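Visitor: First, the structure itself, so that you have it in front of you.
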């Protein structure tokens, strides 16, 4: 079943997002251990104002387990929507980085990540 993500899905979404960060060779995955990053990503994923949160996600559920997910959002929200990650990273004393760049999205377009 595909459904709107819920807060309780945040940790599963983040674990799957880890695979994307590894596959896209995001530099932060070489710089810091996952154990340091995961709590910050989970906290960000629980925020409704973060563009890559449960609030903007759909999940694929199989036998009660989250097997996949996607983020969906309006491109005009990107600039404001990426800021919460920086706030969370600072709270965890982690270096500032982004998983999305504002230059990648445009107003008037809908994105599916």
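Every number in this text was worked out from the coordinates using simple rules, so none of it is lab data. Quick caveat: nothing in here was measured; it's all calculated off a predicted structure. A quick note on method: Cβ atoms are made from the backbone with ideal geometry, for glycine too, and the neighbour counts reach across all protein chains shown.
Visitor: I'm trying to understand the selection: among the residues of the stretch 18-32, which are surrounded by 11 or more Cβ atoms within 10 Å (Cβ to Cβ) and either without any contact (Cβ under 8 Å) to a residue 60 or more places away in the chain or within 13 Å of residue 55 (Cβ to Cβ) (or both)?
Guide: The answer is 18, 20, 22, 29.
Visitor: So, one more: Within the group 65, 61, 43, which residue is surrounded by 15 or more Cβ atoms within 10 Å (Cβ to Cβ) and closer than 14 Å to residue 5 by Cα?
Guide: When all the criteria are applied, what remains is 61.
Visitor: Quick one: residue 86 ticks every box in (1) surrounded by fewer than 14 Cβ atoms within 10 Å (Cβ to Cβ); (2) within 21 Å of residue 27 (Cα to Cα); (3) free of Cβ contacts under 8 Å to residues at least 24 places away in the same chain bar one, so which box is it?
Guide: For residue 86, the exception is condition (1).
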